[in-house]
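Data block below; observations after.
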Amino acid sequence: MAMTEFPLGDPLAVQRWSLSLAVEVAKSSYFSKFIGTDRSKSIIVRKDELNKAAGEKITIGLRKKLSADGKEGDNVIEGDATAEEAMNFFNDAVFIDQRRKSTKSKGKMSEQRVPYNLRREGRDALAVWWSEVMDEDLFVYLSGARGVDTSFKTATTWTGRANNAIVVPDAAHQVYSGNATSSADLDATDKISLMDIERLVAIAETTDPMIQGARVNGENKFVLLMHTFQAFDLRTSVTENDWLDIHKATDRGKSSLMYSNALGEYADVVLHKHRNVIRFSNYGVGANVPAARALFMGVQAGLIAYGQGSGNNRYSWNEDKDDRGNALAITAGSIYGVKRTIFNNATYGLIALDSAAATVA
């Protein structure tokens, strides 16, 4: 009797697991709530132009605002260098490259000894790995530094991937808490505060080009992403009633993913925390003050681009039988690249805030 069979490695099964992996990664990723294709609303802009095209780089442009004066009445405008102003365009580019991760069983006898479906376990393990490594990449590139956290997948000496350089924020987009003016000037008392948030908003609204907030319910909102230790310093520096008022603000934005797991809102800034925010150990005169780099973000603060396959899913899935069919080997890959947005050698859409951030015992 003929029977319909979909054997291990069948293309239909591969596609199903690939799609499933993409769903699980997005579900687990911290930054997924900030990623979108709309450049006017997304903190991290996703670029899919290479989904069905060859290439390793996506270039985006920014048109600078017209700034000079015009002409009054019937005064001749033709030939006037001020009134006839040329448009200026800046550009940034993100490169993509393939990254893969694999897991393999010892063999059928090892699989026999445990009550686990190693194919499903492998899928789940790779989903966690990909969600974590994507988040870590974004933290590093947005911050312009690898930091000292040894829990990351990459070494502390990591210098980036896919030909995308890790770029230190320029002076106009780097501020320090308290009365510090540099990393060497920062001491243990220069902790994050509500005054820092007020200052960040003022800088964002007056810098050129101005940092635009994401539209939520008709209002512009920024995001401040702090390290867990910075959030501890902030919450313990204000009164209990003040923090209750900050926390209540999240109720107004429940329909937006930007408010998902948020600490609260202050001065139109949605407050978030995460353990992977970049940390340092060498601040201060003695190079011994622990610090962290909070990220104040508006729209287009970062870019993430995907290569072929991003239309349906962003991860490849391959299953092989090694050792003459004895061992199951699973490999998941993705062609992608991430970076902080930089136009005309200046950070766009983001301000880095460094503050003292001692380990909470």
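The values are calculated or read from the model by the stated rules, or taken from the named source; none is laboratory data. Since we're looking at a predicted model, the values are computed, not measured. Using ideal geometry, Cβ is built from the backbone for each residue, glycine included, and neighbour counts are taken over all protein chains shown.
Could you tell me which numbered condition A267 fails, if it satisfies all but one of (1) surrounded by 17 or more Cβ atoms within 10 Å (Cβ to Cβ); (2) more than 26 Å from I60 (Cβ to Cβ); (3) over 21 Å from the mean Cα position of the chain (by Cα); (4) modelled with pLDDT under 95?
Going through (1) surrounded by 17 or more Cβ atoms within 10 Å (Cβ to Cβ); (2) more than 26 Å from I60 (Cβ to Cβ); (3) over 21 Å from the mean Cα position of the chain (by Cα); (4) modelled with pLDDT under 95 one by one, A267 breaks only (1).
One line per residue, one yes/no per condition, for (1) in contact with a strand residue (DSSP E or B) (Cβ under 6 Å, 6 or more places away or on another chain); (2) under 21 Å from V299 (Cα atoms):
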position: W317; (1), (2): yes, no
position: D320; (1), (2): yes, no
position: A332; (1), (2): yes, no
position: G337; (1), (2): yes, yes
position: I342; (1), (2): yes, yes
position: T347; (1), (2): no, yes
position: T359; (1), (2): no, no
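Looking only at segment 163-180, decide whether some residue is among the charged types (D, E, K, R) and in contact (Cβ under 8 Å) with a residue 40 or more places away in the chain.
Checked segment 163-180: at least one residue is among the charged types (D, E, K, R) and in contact (Cβ under 8 Å) with a residue 40 or more places away in the chain.
How many residues does segment 262-297 contain that are at positive phi, in contact with a helix residue (DSSP H, G or I) (Cβ under 6 Å, 6 or more places away or on another chain) and in a loop (DSSP other than H, G, I, E, B)?
The number of residues fulfilling the criteria is 1.
Identify the single condition in (1) in a helix (DSSP H, G or I); (2) within 16 Å of I43 (Cα to Cα); (3) hydrophobic (A, V, I, L, M, F, W, C); (4) modelled with pLDDT of 90 or more that M258 does not satisfy, given that it satisfies every other one.
That leaves (4) as the condition not met.
Looking at (1) polar (S, T, N, Q); (2) surrounded by 24 or more Cβ atoms within 10 Å (Cβ to Cβ); (3) in contact with a helix residue (DSSP H, G or I) (Cβ under 8 Å, 6 or more places away or on another chain); (4) not in a strand (DSSP E or B), which one does Q300 not meet, given that it meets all the others?
All conditions pass for Q300, except number (3).
Condition check ((1) under 21 Å from S42 (Cα atoms); (2) without any contact (Cβ under 8 Å) to a residue 12 or more places away in the chain) across all residues:
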position	(1), (2)
T189	no, no
M195	no, yes
G213	yes, no
Q230	no, no
G264	yes, no
L271	yes, no
R279	no, no
G284	no, no
G298	yes, no
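Can you give me the number of residues within segment 115-148 that are over 30 Å from N326 (Cα atoms) and among the basic types (K, R)?
The number of residues fulfilling the criteria is 1.
Being among the β-branched types (V, I, T) and farther than 22 Å from V45 by Cα is the filter here, so list the residues in segment 117-148 that pass it.
Passing the criteria: V128, V148.
Residues of segment 232-247 being over 22 Å from A202 (Cβ atoms) and either touching a His at 6+ places or on another chain (Cβ under 9 Å) or part of a helix (DSSP H, G or I) (or both), which ones?
F232, R235, T236, E240, N241, W243, L244, H247
Does at least one position in segment 343-361 carry a residue that is of a type in the set (D, E) and either touching a Cys at 6+ places or on another chain (Cβ under 9 Å) or assigned to a strand (DSSP E or B) (or both)?
Scanning segment 343-361 turns up at least one residue that is of a type in the set (D, E) and either touching a Cys at 6+ places or on another chain (Cβ under 9 Å) or assigned to a strand (DSSP E or B) (or both).
Return the pair list, or none, for Cβ contacts closer than 6 Å from residues in segment 315-339 that are modelled with pLDDT of 85 or more and in a strand (DSSP E or B) to residues that are crowded, with 24+ Cβ neighbours inside 10 Å and among the charged types (D, E, K, R), at least 6 apart or on different chains.
Within 6 Å, the pairs are S334/R314; V338/D137.
Yes/no matrix, rows are residues, columns are (1) surrounded by 14 or more Cβ atoms within 10 Å (Cβ to Cβ); (2) at pLDDT below 80; (3) out of contact with any Cys (no Cβ under 9 Å at 6 or more places or on another chain); (4) farther than 30 Å from N344 by Cα:
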{"site": "P11", "(1), (2), (3), (4)": "no, yes, yes, yes"}
{"site": "V45", "(1), (2), (3), (4)": "yes, no, yes, no"}
{"site": "I60", "(1), (2), (3), (4)": "yes, no, yes, no"}
{"site": "G70", "(1), (2), (3), (4)": "no, no, yes, no"}
